[in-house]
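The values are calculated or read from the model by the stated rules, or taken from the named source; none is laboratory data. For clarity, every value in this text was computed on a predicted model and none was experimentally measured. Every residue, glycine as well, gets a Cβ built from its backbone with ideal geometry; the counts of neighbours run over all protein chains shown. What goes into the accessible areas is simple: the full protein's heavy atoms, side chains included, and nothing from ligands, DNA or RNA. Shrake-Rupley method; radii C 1.70, N 1.55, O 1.52, S 1.80 Å.
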Amino acid sequence: MSLSRKQQSREIITKAICGKGRKFSTVTHTVTPPHNPTSILGAWIINHQYEAVAAGDGIEVIGTYDINIWYSYDKNSQTDVAKETVPYVEFVSLSYVDPRHRASTVEVSAEATQEPSCVEASVSSGGGSVIIRVEREFSVELVAETKVFVLVGNESYDDKEFEFTDDSINYEDLDPDLLDDDL
């Protein structure tokens, strides 16, 4: 395809988001305290740390968090807190990937859109451990260099006038709660 003299194309190499993914998961952990628990008084997750690593056609989120369980034992006459550090690897598939990105320039990132949180804690049927159900969600991005094709022309715009206002829009009527801050 040949372009007219007035139109030519250019390839611009730029860094862009070339892949995205999101994953919500529910996992179960079993923690065995030093004493057989009678009842669970509280359970929470702290010290969450993670990093993102490119892995095939997705991104792995590798991290750890501490599970703390406040429980009673000895027929509810005493209490204690059990702590366990839990490692995890969460594979997040990319729902979109630009096939023209430069693989040698890939950078990946992850954001915990829902920090790990305990949604249920119960004493196991045997009575010697605590079963914890944890929910977590991650959003991941793959950033890399890619090419953008643009058409360029030789004509001058000096003699043309452009109007960039639209008087038909009344900005006073906009609800600021409906605006998307991510744009």
Item checked: strands (runs of 3 or more DSSP E) contained in segment 1-117 and holding at least 3 residues over 22 Å from the mean Cα position of the chain (by Cα) and surrounded by 13 or more Cβ atoms within 10 Å (Cβ to Cβ) -> 37-55, 58-73, 78-93
Next item on the list: Report, ordered by the first and then the second residue, all pairs with beta carbons closer than 8 Å, sequence separation of six or more or different chains, a first member in segment 93-108 that is within 23 Å of residue 50 (Cβ to Cβ) and of a type in the set (S, T, N, Q), and a second member that is part of a loop (DSSP other than H, G, I, E, B) and open to solvent by 50 Å² or more (accessible area, probe 1.4 Å).
Entry: 93/57
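Name every residue in segment 119-130 that is open to solvent by less than 40 Å² (accessible area, probe 1.4 Å) and assigned to a strand (DSSP E or B), in order of residue number. Even if it seems obvious, please write down each step before you answer.
The initial filter retains those residues of segment 119-130 that are open to solvent by less than 40 Å² (accessible area, probe 1.4 Å), namely 121, 124, 127-130.
Residues satisfying the conditions are 121, 130.
Could you check, for segment 147-156, whether at least one of its residues is within 30 Å of residue 13 (Cβ to Cβ), among the basic types (Lys, Arg) and at pLDDT below 90? Let's see the steps before the verdict.
Taking segment 147-156 as the starting set, the residues that turn out to be within 30 Å of residue 13 (Cβ to Cβ) are 147-156.
Narrowing further to those that are among the basic types (Lys, Arg): 147.
Right, trim to at pLDDT below 90 and you get 147.
Yes: one or more hits.
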Note to self: Given (1) touching a Cys at 6+ places or on another chain (Cβ under 6 Å); (2) over 15 Å from residue 117 (Cα atoms), identify the lone condition not met by residue 37.
What the structure shows: (1)
Checklist line | Residues that are of a type in the set (Gly, Ala, Ser) and surrounded by 15 or more Cβ atoms within 10 Å (Cβ to Cβ), drawn from segment 131-153 | finding: 139, 144
